[in-house]
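Remarks on the structure that follows.
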Amino acid sequence: MADGGIDPIKTRQRIEQALSILNELGLPRAQLNERSALTLLALLGLKPHDEWADASEPLCGITLMMDFFRNHYGKEYKPNTRETVRRQTVHQFLDAGLIVANPDRPDRPVNSPKAVYQIETSALSLLRSFGRKSWNKNLATYLSSIETLKKKYAQEREMTRIPILGPY
């Protein structure tokens, strides 16, 4: 918006696009929500009026992500929801290979208050093509190179259901 305010239409469109991407990447239903979409957008440094081709790879801690939600999308999350963002979104993004933890200092403890996350390089390359003719081809190539989180979770659930037979 010309006055520097938050454009609710552009904001909603961008969140919907991010949700569509997360769905196409195979994230489970529990991660197909506004919080996860905003987290992805923060990890790309992508504001509502930016082009997908301009996505970047800032180092983001959870608090910085939540500041991004508020400052650029008008979505306020209370400070006590940091752990929800971490446990219900960031951990799944890590498991999916979508982001990496502490690329600036890999030896930083995972529970450090200085923990940061960054979009994974091949995922950034893919996401920069969103909305272009090359998207579907790039998506297929990307997905063929990774195991989707949804499939991984389904396999883990199936493994826990294997009966143990035999005399003990």
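Here is how the numbers come out for the structure above:
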item	result
Segment 82-128 - percent relative contact order, Cα under 8 Å, separation 6 or more	33 percent
Cα-only Debye scattering, segment 8-160: base-10 log of I(q)/I(0) at q = 0.17, 0.19 Å⁻¹	-1.00, -1.24
Phi-based couplings in Hz for segment 12-23 (Karplus 6.51, -1.76, 1.60; Gly and Pro marked x)	4, 4, 5, 5, 5, 4, 4, 5, 4, 4, 4, 5
Relative contact order, percent, segment 8-160 [alpha-carbon distance under 8 Å, six or more residues apart]	25 percent
Label-point separation, Asn71 to Ser125 (7 Å along Cα→Cβ), nm	3.0 nm
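Read-outs: derived from the displayed coordinates by stated rules, not from any lab. Fair warning: this is a prediction, and the values are worked out from it, not measured in the lab. Glycine gets a Cβ as well: all are built from the backbone with ideal geometry, and neighbour counts include every protein chain shown.
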